[in-house]
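Derivation of every value follows stated rules applied to the coordinates shown; laboratory data play no part. On a predicted model such as this, the values are computed, not experimentally measured, just so you know. Please note: Cβ atoms are built from the backbone with ideal geometry, for glycine as well, and neighbour counts cover all protein chains shown.
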Amino acid sequence: KVLDKYGMGGEDTDETIRIPVVIKADADGSLEAVRDAMLAIGEDSKRDIVIDPICLGVGSPTTTDVTMAKESGASVFCFGLKGTSDKAAASLAEAEGVSIVSNDVIYTL
């Protein structure tokens, strides 16, 4: 399903695959490390993949983050955060079909 969403489910292609993401973290240092790790995924891929961070920030996802993710077709990735503390953002994400993925450590990425 994810592969199809970004045009990666079929045969190999020479087309660039753009994967928009919203990245949230618990601190500036974590945010920078996560951003760099995600960008490296695209650079290290055999396919022409561009990881496109459309929004970066410290703290739990907000309704603004969810709206930006929805409008750009992005998923929200959270690191070092204990779930989505903003109940309105969590409800909006569920209603709009925006995926919020939370991890405690960067290498689970």
Q | Gyration tensor (alpha-carbon) shape descriptor, the range 40-109, a/c threshold 1.5 | A | oblate
**Q.** Label-to-label distance, nm, for residues given as ARG18 and ILE54 (7 Å Cα→Cβ offset)
**A.** 1.0
Q. In nm, what is the difference between 0.36 nm times the number of residues separating LYS87 and ASP28 and their Cα-Cα distance?
A. 18.9 nm
Q.
With +1 on the Cβ of every Lys and Arg and -1 on the Cβ of every Asp and Glu, and nothing else charged, how large is the dipole of the range 13-109 about its Cα centre, in debye rounded to the nearest 20?
A. 240
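Determine, for each peptide in 65-73, 36-44, the mean count of other beta carbons within 10 angstrom over its residues, then list the peptides with the highest first. Kindly include the intermediate steps, with their values, before the conclusion.
Details: 65-73: 18.8, 36-44: 12.9.
The most tightly packed comes first, giving 65-73, 36-44.
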Q: Quick one: what are the phi-derived ³J(HN,Hα) couplings along the range 15-30, Karplus 6.51/-1.76/1.60 with θ = phi - 60°, whole Hz, x for glycine and proline?
A: 6, 6, 9, 9, 10, x, 9, 10, 10, 10, 9, 7, 7, 4, x, 5
Q | 5 angstrom amide H check on CYS78, placed H, neighbours 5+ away | A | LYS24, VAL101, SER102, ASN103
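Subtracting the Cα-Cα distance from 0.36 nm times the residue separation, let me have the gained length for VAL101 to ARG47 in nm, one decimal.
The span from VAL101 to ARG47 would gain 17.1 nm if fully extended.
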**Q.** Amide H within-cut-off set for ARG18, under 5 Å, with H built and near neighbours excluded
**A.** VAL50
